1. What number goes with the only condition from (1) aliphatic (A, V, I, L, M); (2) more than 22 Å from residue 317 (Cβ to Cβ); (3) not in a loop (DSSP other than H, G, I, E, B) that residue 86 does not pass?
2. Can you pull out the residues in region 264-306 that are farther than 25 Å from residue 17 by Cβ, of a type in the set (D, E, K, R) and assigned to a loop (DSSP other than H, G, I, E, B)?
3. Please give the number of the condition residue 56 fails out of (1) under 27 Å from residue 312 (Cα atoms); (2) open to solvent by 10 Å² or more (accessible area, probe 1.4 Å); (3) among the acidic types (Asp, Glu).
4. What is the one condition in (1) within 17 Å of residue 309 (Cβ to Cβ); (2) of a type outside the set (Gly, Ala, Ser); (3) not in a strand (DSSP E or B) that residue 258 does not satisfy?
5. Which residues, taken from region 1-43, are open to solvent by less than 20 Å² (accessible area, probe 1.4 Å), within 20 Å of residue 89 (Cα to Cα), assigned to a strand (DSSP E or B) and not acidic (Asp, Glu)?
6. Mind checking which helices (runs of 4 or more DSSP H) fall wholly inside region 101-213 and carry at least 1 residues that are farther than 30 Å from residue 89 by Cα, open to solvent by 40 Å² or more (accessible area, probe 1.4 Å) and of a type in the set (Ser, Thr, Tyr)?
7. Whether any residue in region 339-358 is modelled with pLDDT of 60 or more, of a type in the set (Asp, Glu) and open to solvent by 30 Å² or more (accessible area, probe 1.4 Å) is what I want to check.
8. Every residue in region 217-235 that is small (Gly, Ala, Ser) and outside any loop (DSSP other than H, G, I, E, B), please.
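The values are calculated or read from the model by the stated rules, or taken from the named source; none is laboratory data. Please read all numbers here as calculations on a predicted model, not as lab measurements. Don't worry about glycine lacking a Cβ; one is built from the backbone with ideal geometry, like all the others, and counts go over all protein chains shown. To get the accessible areas, we keep the full protein, side chains included, count just its heavy atoms, and leave off ligands, DNA and RNA. Shrake-Rupley method; radii C 1.70, N 1.55, O 1.52, S 1.80 Å.
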Amino acid sequence: MKKTKILIISVGSMVAQNVLETLKHRRENIIILGTDASSDAPLYDCDKIYLVPLSELPPSQFSKVLSKIIQEESPDLIIPGRDIDVIILSMLRKDFPDISDRFISGETELAKLMEDKWLSYEFAHNESLPFAETIIYDYNKDKKNMDKFIATHGFPLIAKPRKGFASKGVFFVLNQEHLSSLSSDGSIILQEYLGDGSKISGFHESLIQRGLPLFYSVEEIKYSMQMYIGKSGELMGHIITKHQMKNGVSSVVTLFENHGLENLVQRYYTVFSKKGWYGPLNIQLQKSNKTGELKAYEFNGRFTGATASRYILGYDEIGFALEQLSSVNIGTDDSFKSQKRVLKQTYISARPEGPRAFLDENKVWSKKIDDHVIPLSD
């Protein structure tokens, strides 16, 4: 039986490690290829590794290298590990029309707007989808609207880079002095804070009075809608989960049942599927402390750092991706389907024995078990 070959881009990322975890006990008929820009990344659970340049949008050295790997390996499935990889795959799939459905990514326009939080807001607003109110921070060009936004939503506000991930560069803005410290070049957005603002203000006051604690996290509960859109536009499955956040990641993931949100799932699915999205779609939401409404604050067109937790909760999104390959049947694991809550852990896979492949200075190399290295191609 021919083995299914899966190529995972940025395989050292948390997203990719979650994908690997869901495949851990279903490896009999699978070959896993991985790419990463760092040899220090956790690359242990792959059958073959390519060390590649940093991910950059085409035209770039990375896109040339990735195209070459795809041509030589002819993988059955290509999975992005980071947001930029989603965009890159959406662009490269046009160069491979015969196997474009193996690229787990939809239309480039959608991939780009999901990376950019301002474009995400504009898209949701235009499509009448619930999304946290957002504005580009630029007091020099738009003082009137900035003042109106602040008067409407009040402090605290959330300041975020338009393009970013894992809560990097995200700040609570509590006053005008904080605002004045932000870059006003159009790279920062302000969002209404959906949580309890009094908790943030109280925490800030305690910092002034008592000093900075050694460890702290001020995050509240968030919700996540994860769905998988098939290559024909069908909704293959969805799940809604509640997340206790800590340091920008989910620490506890709970199945959110009897939520009455099926209509919201359908609204998001209908909009994205009609515009050509294919593969996983993640909508991150928080409940407004003012209105009680669930509003999105971010979209992702990929698997996430909670993919393994969702698998334990009975949602096999990697299985959906493989199901699209008509000849593939890797089986499912039903042992977790009664699970309702998962304490999220960091997954470290065991290092396998066997050969690896590396890409160095734009050349593909094969490393044999005896450490004799020979070039496969220029």
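1. (2) is the only condition that residue 86 fails.
2. Those that are farther than 25 Å from residue 17 by Cβ, of a type in the set (D, E, K, R) and assigned to a loop (DSSP other than H, G, I, E, B): 275, 290, 293.
3. For residue 56, the failing item is (1).
4. Every condition holds for residue 258 apart from (1).
5. Once the filter is applied, which keeps residues that are open to solvent by less than 20 Å² (accessible area, probe 1.4 Å), within 20 Å of residue 89 (Cα to Cα), assigned to a strand (DSSP E or B) and not acidic (Asp, Glu), region 1-43 yields 4, 6, 7, 8, 32, 33, 34, 35.
6. 143-153, 176-180, 197-210
7. Checked region 339-358: no residue is modelled with pLDDT of 60 or more, of a type in the set (Asp, Glu) and open to solvent by 30 Å² or more (accessible area, probe 1.4 Å).
8. If the condition is that a residue be small (Gly, Ala, Ser) and outside any loop (DSSP other than H, G, I, E, B), then 224 is the only one that fits.
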